[in-house]
Each structure stands twice: as C-alpha cells, then as structure tokens.
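Asker: There's a structure below that I have some questions on.
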Amino acid sequence: MKINQKEIILEIDHLEKQYEERKILNQVSLQVKKGEVIVILGPSGCGKSTLLRCVNGLEEIQGGLVSFNGWNVHDNKNKIYEVRQKIGMVFQSYELFPHLTILQNVMLGPTKVQHRNKEEVKKEAIQLLERVGLSEKVNAYPRQLSGGQRQRVAIVRALCMKPEIMLLDEITAALDPEMVREVLDVVLELAKQGITMVIVTHEMAFAKAIADRIVFMDEGVILEETTPEQFFSNPSTDRARRFLSGFSYEKVKEEEKVAI
Amino acid sequence: MDLNVIQQYIPLYVEAAILTVRLAFFGILGATVVGLMCSLIQYYHFPILHRFVNGYVELSRNTPLLIQLFFLYFGLPKIGIVMQSETCAIVGLIFLGGSYMTEAFRSGFEAIPKIQEESGLCIGLKKWQVIIYILLPQAFLVSLPAFLANVIFLIKETSVFSVVALADLMYVAKDLIGLYYETEEALFLLVVSYLIILLPISILFTLVERRLKHVAIGN
Amino acid sequence: MWQSAIDVLFQGRNAIRLLEGLWVTIRIALISIALSILLGMLFGFLMKSERRLVRFLCKIYLEFIRIMPQLVLLFLVYFGLARTLQLNLSGESASILVFTLWGTAEMGDLFRGALESIPKHQYESGMALGFTNRQLYVQVILPQTIRRLLPQAMNLVTRMIKTTSLVVLIGVVEVVKVGQQIIEATRLTTPGTALVVYSVIFFLYFMICYPITRIAKRLEQSVEGGS
C-alpha cells in the first residue's frame, strides 16, 4: 500500500488511562501515518472517545506515550498549546461558541492563537464556509443554524487552523438522520484531499467507505486493527462479530407472532 | 403638604442623592471586581483560596449590612483600623455586594458546559484566553439578570449609610422630621428621590432582560 | 485590654440583655414571616386573577414595595402614619407591619412563580387520570409548587431576619440597641467593648441565618436533582 512509505505523524504507545480504579484504556498502541484515515469502532463506553481526548491532552494519562510529530503530548504543559493548534478536533455536540457569529467562531483560533493576518484569515474562512455550503450563514449566530449546519461549521473551525490531523468524535451522533449525510459528505471530501483523520463513529456504511484502516476496541483494549474489507466481511474476533450483528435486524416472521 | 417647604428642601435632597449615587457606584464597581475574582477562584477550585472565598461568601451573605458597617466604623478603630465615613460605607458595600456578585457570576460560569472550555483549548487557546474569549462573555450573559438585580439591591442597601455619619437621603429626611417636624414633606421627598434614582434603572434593566430572553443563547 | 472587654459581656445582666434584645429581633421576624406566608399565598393567587385591574393593582403594589429600600418603608409607616392618621404605632408594631407588607409581596411573587413553573402537562396528566379540580391542586400541583418554592422562601426568610436589624433606626430596643447601651456604659472604662459587642452581634446574626441558608441550598439541590 502506498501509505506505508509515508511518515508516521501520530504514535500512541502503550497508553494507560484510568478513572480511580477503572481502567478506561489499557495498553493501547496505534500509529497513524500522514494522509491516513483511521476509523475507530466499538460499543459505547469502550474508551474510543477517551482515546481521542488523550491525543490532544484533554485527559491526563497514567502510563504510556502519545507523541505527535515527535513531541510528547503529555510531557510539556506549555508545548500542549502548540500541539493543539496542529490537531483539529470536532465534538459530537459541535460546541460552537454561542456568543460569536459563525465567522467569528471560525476566525477566533487563527487570529488569537496563531496571530495570523485578520483579512487573510477572513478570506480563507469565507472560502471554507463556501465549500461546505454555508456562505450565506457567515454572519449568523449558531442558534440560527440546524444541527447539521453547526457541525459543518465546527469542522471548518478546526480546518481553518490548518491542522495536520483531524480528530472527529462521533460527529453525527447528535444529528437528525436526514442531516447526517450533509456532514459526512464534507468529511468524505476531506479524505479525498488527503487530510489525515482519526474518526470515531457509529455509521458503519460511512466507516466502510472512508477508512483506510479499522480499529475495533472493547473495554479499553484494541481487539482488531485491519482493513475495512476484512473487518466487515470477516472479523477475526467473536466480539467484533457480535458487535457487527447488532446492526442488523431479523425480519419478524408472521408465524412467530403470538396471537393475542 | 407645603409646596414652599418642599421647594426649599429640594437642594438638600439633591445633594444627598448625589452622595448616595456616588457611593453606590464605587461600591458596586468594587463588588463586581471582587465577585469576578471570587467566582473564578471557585470555578477553577483554586486550592486553599477557594476555602477563603466560601467562608467570605457565607459570612457576608448571612449578616446584615448595618451590622457590618457598625463593625467597620465603631469596632475596627479599636484595633487601630480607622476609616473615614465614605471609605467605610464603600468598603461595607463591597464586602456585602462582593458575595452577591460572586454567586451571580458563579452560576453564570457553571452554566457553561465544560466542553466549551475544552473546545476552546482544542483550537489552541491558552487558559487565560479561554477565560476572556469563551467563558466571560457567555457567563456574563447568563449572569446578567442576577447581576442587575444585585445592582438594584445594593443601591437600596445604601439607605443605611447614615449610621456611619453620612448625610445621605435617610439622614436628611430624619433630620427634617426630627428637627422641624416637616414629616410629610420630608417623607414625600424621600420617596420621590429614591424613585428618581431607582425607577429608571429598574425599567432599563427590565428592558435589557426582556431583550436578553429573545437572544437566549443555546448551542 | 481585650480580656476586660470580653468580661464586660458577662458583667451583670449584659449577656442576658443582649439575648433579650435578640429575642425582640427574632420575634419581629417570626411574626412577620408567619403573616407573610399566609397573606403571600393569597396575594399569589390574587396576582393570577382573571381581572386585569386586580392584576394591575397587584403589580403596582409589588413593584412599589420592591423598589423602595425597606428603611424608607419603615420611615413611611413609623413617621408617616403617625403623622397623617394620628396613629401612634410603637416601633415594634410599625416594623411588623412593614415587614409583613414587604414579605407578602415577595412571598406572593414567589408563590405565583412556582405555580407558573409547573408544566402544563402536569395539569393535563392529572386531569387525564380523572382528578377533580380540587384533587388536582391538592394531590398534584401544590406539593410540587411547595417543593419548588421552599428554597426561595427560606432565602426570603434570611433576608427578612437580616433586615430586622434596621428596626434599631426607628427606636426599637433590640439587640443592636442593647449592644450600643452596653458600649456606651463602658465607653470610658473599657473602650474595646465596641469591637467585642459588634463582633458578637455579627456572629449572632450569622448563627441564625447560616443554618437556614444551608438548608435552603440543600433543598435547592434536591429540587434540581429531582426535576
């Protein structure tokens, strides 16, 4: 595969995370190469969101190492602000800043953190918003947008920082079904442009389409790491098989219905 | 009621009202600053400091301003801390108002989901930048009704300032009643003075609050 | 010097006199609070009257009481009523009257707010179960109203207790006045008394109000947790 020759930009090595006695992440190791799209699957509570939060230092860790471009994320408190500029993260609940307009939301990071030229950033922000079909909402406030629109803004807000990797944490889980598509189309577009992404999702069809690699987790451990074709047609663990079967339903047959 | 008497006393009341407004202004300003600092200390749960803040808030909220002023004005000089009347009144109002403002701002901060702070951090903002650009504007909007209510409450509380020998509205009224028996005129002017100070503020605040409800923020 | 100042507290009947003074304060507060709760409920229903004029008058009353400093109200009743109605109210009666007028307005507004905060579907699901109007209120609405009202009502109670400190300014002999008498009597011999006495009064108020505030806070949390 072509990505094999590319450099590794994110390396997670034997990561340990626990709340009090409970182990959330247990010896998790994962490497992400430039341009790669990794989808993390697993039942809720398996630690996949926590893993993403550890990557940009939102959670403290108890053991192991997260290194981004060779920097140890959890090592240096001041460095973390620099690291976070290069890591874009989008949450399930969008988390736009409600007191700022769409444009201000997008421009806040580039102007206040990266101290880039205001006009330049504005031009770029408007361009990006145009690309996700929101050019008319530039001066609107988040509350005036639908969930799908807000999530697209959240993606743009992260993109405008010119990140080297994007972390997407169940970005469609809070959306109405008809809005899921508009958001996922944006993400597919990003994948085509070769943006490195680590995605946590419950949308199986989407995962299958976008992933270069599928990582399957349960109870804080990575159980499988394989291609989407392999994972969806022939998973190697029982746990994954059961997980996948949870997404299909058997037709209720007429003869099984009990007469009342 | 004698209109001539009223006319004659108006300047006294104007002077007293100006004093009330001036002291209230500085007291409220100070209380706001104290409240902001204390609520941030509580929000970030600074070790040790937040215990002091909690203790201060309880002491201040559970005692009357009148007693606080007596303590400051008559008690503290006995251990060498002497304050002028005006200073004493302002310090008293800050001591009282600080805790009310703390509670107002704290509920504002608490209303912001933790993940807002995190998404600020995610775009690389430093902690102080998160406070300035993300937390404060949102907290302020949420706390505004409580803040405005506190402002009116604190202006009303200034009515006890006469006990630290300040010639405020109550002092003037009591003087006229006690010395000249012009009770009706004195009370009439007293009520009118407080209405002139408080009514416009109260109406303005109601309008602001109503507007705020329309732009109720929600993500 | 401080030892002697503290000793002053325990000389003669000084400590008992202070407590007696405190009782005057508490008595005024208790009577006003009790009356305010009763009248406040009535006022709360009155504020929800069908008639616009009644609602309007209630609103005027509430807003006037709210906007005036309590000390101004005390002056109006104590000096004003005495003069215009030739009614010679004692300081204590005037205080009770004022605190009741004030408490009724505030309590009524709290009661109205609590009634209105009960969601409409609570009424509807009560009716759907076949309750009569009376049953609906007694079984469903009032218990919830009171639960919501209680924390705020208790906060109002502490506010009223704190505000009773003002009655010294219209000549009621209560805890502050007694304190001032003690200070005055020992002004030349032990000047430190002022600090000690005002500290004691400060903490007396604190010890009365703090537990009520705590309970109110706990109730508030349980209401929030419950709904």
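The values are calculated or read from the model by the stated rules, or taken from the named source; none is laboratory data. Keep in mind that what you see is a predicted model, and the values were worked out from it rather than measured. FYI the Cβ positions are ideal-geometry reconstructions off the backbone, even for glycines, and counts take in every protein chain you see. Each accessible area value is taken on the protein alone, full model and side chains, heavy atoms only, with ligands, DNA and RNA left out. Shrake-Rupley method; radii C 1.70, N 1.55, O 1.52, S 1.80 Å.
Asker: In whole percent, what relative contact order does chain C give with Cα contacts below 8 Å and a gap of six or more residues?
Answerer: Once divided by the residue count of chain C, the mean separation gives 30 percent.
Asker: For chain B, set up a Gaussian network in which alpha carbons nearer than 10 Å are linked by springs, and say which option among B:L204, B:L136, B:L93 fluctuates the most.
Answerer: Taking springs between Cα atoms under 10 Å, the residue moving most is B:L204.
Asker: Something else about it: Based solely on its DSSP helices, what 222 nm [θ] is calculated for chain C when runs of n ≥ 4 H residues each add -39,500 (n - 2.57) and the sum is averaged over all residues, nearest 500 deg cm²/dmol?
Answerer: Value at 222 nm, helices only, nearest 500: -25000 deg cm²/dmol.
Asker: Additional query: B:K126: which lysines have alpha carbons under 20 Å from its alpha carbon, excluding same-chain residues fewer than 8 sequence positions away?
Answerer: Of all the lysines, those that pass the test against B:K126 - Cα under 20 Å, at least 8 places apart if same chain - are A:K77, A:K79, A:K86, A:K112, A:K118, A:K162, B:K114.
Asker: Straight distance only, please: which aspartates and glutamates reach the Cα of A:K33 with their own Cα at less than 17 Å, same-chain residues fewer than 8 apart left out?
Answerer: A:E7, A:E11, A:D13, A:E164, A:D212, A:E225
Asker: Which of A:K17, A:K34, A:K79 moves the most in a Gaussian network model of chain A with Cα springs under 10 Å?
Answerer: In this elastic network of chain A, the residue with the biggest mean-square fluctuation among A:K17, A:K34, A:K79 is A:K79.
Asker: In addition: Output the DSSP H helices from chain C with an along-axis C-alpha extent of no less than 24 Å and a mean Kyte-Doolittle hydropathy no less than 0.0.
Answerer: Result, helices passing both filters: C:14-47, C:91-117, C:142-163, C:193-226.
Asker: Related question: For the range C:159-220, just say rounded, prolate or oblate: build the C-alpha gyration tensor, square-root its eigenvalues into a ≥ b ≥ c, call rounded for a/c under 1.5, and beyond that prolate if a/b exceeds b/c, oblate if not.
Answerer: oblate
Asker: Give me the percent of the accessible area of chain C that comes from carbon and sulfur atoms, probe 1.4 Å, all protein chains in place.
Answerer: Roughly 64 percent, rounded to a whole number.
Asker: Tell me, what is the 1.4 Å probe accessible area of B:I6, in Å² to the nearest 10?
Answerer: For B:I6, the solvent-accessible surface is approximately 20 Å².
Asker: Turning to a different aspect of this structure: As I understand it, the dipole of the range B:71-219 uses +1 on the Cβ of Lys and Arg and -1 on the Cβ of Asp and Glu, about the Cα centre. Which of B:A111, B:V160, B:W128 lies farthest toward its positive end?
Answerer: Going by the charge dipole, the pick is B:W128.
Asker: Another question about this same structure. Note down the Stokes-Einstein diffusion coefficient of the range A:133-180 in µm²/s, whole number, using a Kirkwood radius over alpha carbon pairs, 25 °C, and 0.890 mPa s.
Answerer: Answer, rounded: 209 µm²/s.
Asker: Would you mind checking the range A:10-51 for residues with the amide N under 13 Å from a putative spin-label position 7 Å along Cα→C-beta of A:N72?
Answerer: Answer for the range A:10-51: A:13.
Asker: What is the Cα radius of gyration of the range A:1-58 over 2.2 N^0.38 Å, N being its residue count?
Answerer: 1.26
Asker: Rounded, prolate or oblate, given the Cα gyration tensor of the range B:1-116, with a/c below 1.5 counting as rounded?
Answerer: In terms of gyration-tensor shape, oblate.
Asker: For C:T186, list long-range residues whose amide hydrogen, built 1.01 Å from N in the peptide plane, is under 5 Å from its own amide hydrogen.
Answerer: Close amide H contacts, sequence-distant or interchain: none at all.
Asker: Along Cα→Cβ, 7 Å out, is where each label goes; now give me the distance between the ones at B:M1 and B:F153 in nm to one decimal.
Answerer: A separation of 3.1 nm, rounded to one decimal place.
Asker: Which value in Å does the Kirkwood hydrodynamic radius of the range B:160-202 take, with 1/r averaged over all unlike C-alpha pairs and then inverted?
Answerer: 10.8 Å
Asker: From other protein chains only, count the Cβ atoms within 10 Å of every residue's Cβ in C:163-172, then give the mean.
Answerer: Counting other chains' Cβ atoms within 10 Å and averaging over C:163-172 gives 3.
Asker: Would you mind working out the magnitude of the charge dipole of the protein assembly as shown relative to its Cα centre, with +1 at each Lys and Arg C-beta and -1 at each Asp and Glu C-beta, to the nearest 20 Debye?
Answerer: Dipole magnitude for the protein assembly as shown comes out near 440 debye.
Asker: Report, as a whole number in µm² per second, the diffusion coefficient that Stokes-Einstein gives for the range B:86-200 at 10 °C and 1.306 mPa s using the Kirkwood radius over alpha carbon pairs.
Answerer: Here the translational diffusion coefficient equals 93 µm²/s.
Asker: Still on this structure, please answer the following. If chain C were replaced by its equivalent ellipsoid, with semi-axes equal to the square roots of 5 times the Cα gyration tensor eigenvalues, what would those be, largest first, whole Å?
Answerer: Each semi-axis is the square root of five times an eigenvalue, giving 42, 23, 12 Å.
Asker: Given a 1.4 Å probe, how much area per residue of the protein assembly as shown is accessible, in Å²?
Answerer: Per-residue accessible area for the protein assembly as shown comes out at 49 Å².
Asker: Same structure, new question: Give the peptides A:21-30, A:93-102 in descending order of average Cβ contacts within 10 Å, highest first.
Answerer: Packing proxy ranking, top to bottom: A:93-102, A:21-30.
Asker: Starting from one equal scatterer on each C-alpha and no solvent at all, send me the Debye-based log10 I(q)/I(0) for the protein assembly as shown at q = 0.08, 0.11 Å⁻¹, two decimals.
Answerer: Debye curve over Cα of the protein assembly as shown, log10 I(q)/I(0) at q = 0.08, 0.11 Å⁻¹: -0.82, -1.15.
Asker: I would also like to ask the following. Ordering A:H74, A:H115 by accessible area with a probe of 1.4 Å, largest first, what comes out?
Answerer: From most accessible down to least: A:H115, A:H74.
Asker: I'd like the accessible area for C:K59: 1.4 Å probe, protein heavy atoms, all chains in place, Å² to the nearest 10.
Answerer: 110 Å²
Asker: Nearest 500 deg cm²/dmol is fine: what mean residue ellipticity at 222 nm does chain A get from its DSSP H runs of n ≥ 4 alone, each adding -39,500 (n - 2.57), divided by its residue count?
Answerer: About -9500 deg cm²/dmol.
Asker: Quantify how strongly other chains surround peptide C:63-75 by giving the mean number of their Cβ atoms within 10 Å of each of its Cβ atoms.
Answerer: If you average over the peptide's residues, the count of other-chain Cβ atoms is 6.
Asker: Using the scaling law 2.2 N^0.38 Å as the reference, what is the normalised Cα Rg of chain A?
Answerer: Against the compact-globule rule of thumb, the ratio is 1.08.
Asker: Can you tell me the 0 to 90 degree angle between the C-alpha axis of helix B:136-157 and the longest principal axis of chain B, rounded to 10?
Answerer: Compared with the principal axis, the helix lies near 20 degrees.
Asker: Right, here's the next one. Enumerate the calculated ³J(HN,Hα) couplings along the range B:161-178 in order (Karplus 6.51 cos²θ - 1.76 cosθ + 1.60, θ = phi - 60°), each rounded to whole Hz, writing x wherever the residue is Gly or Pro.
Answerer: Each residue's phi maps through the Karplus curve to give 4, 4, 6, 9, 6, 10, 7, 8, 4, 4, 4, 4, 4, 5, 4, 5, 5, x Hz.
Asker: Determine the shape class of the range A:7-95: with a ≥ b ≥ c the square roots of the Cα gyration tensor eigenvalues, call it rounded for a/c under 1.5, and otherwise prolate if a/b is greater than b/c, oblate otherwise.
Answerer: Judged from the Cα gyration tensor, the range A:7-95 comes out rounded (a/c under 1.5).
Asker: Where is the GNM fluctuation largest for chain B (alpha-carbon springs, 10 angstrom cutoff): B:P137, B:P64, B:P47?
Answerer: Of B:P137, B:P64, B:P47, the Gaussian network model singles out B:P47 as fluctuating most.
Asker: Rg and Dmax in Å for chain B, alpha carbons only: what are they?
Answerer: When restricted to Cα atoms, chain B yields Rg and Dmax of 20.9, 70 Å.
Asker: Kindly express, to the nearest 10 degrees and within the range 0 to 90, the angle between helix B:3-43's C-alpha long axis and the longest C-alpha principal axis of chain B.
Answerer: 20 degrees
Asker: Same structure, new question: Quick check on chain B: helices-only [θ] at 222 nm, where DSSP H runs of length 4 and up contribute -39,500 (n - 2.57) each and the sum goes over total residues. Nearest 500, please.
Answerer: Helices in chain B give a 222 nm mean residue ellipticity of -24500 deg cm²/dmol.
Asker: Enumerate lysine pairs in the range C:2-226 that are 8 or more residues apart or on different chains, then count those whose Cα atoms are under 21 Å apart.
Answerer: Here the count comes out as 4.
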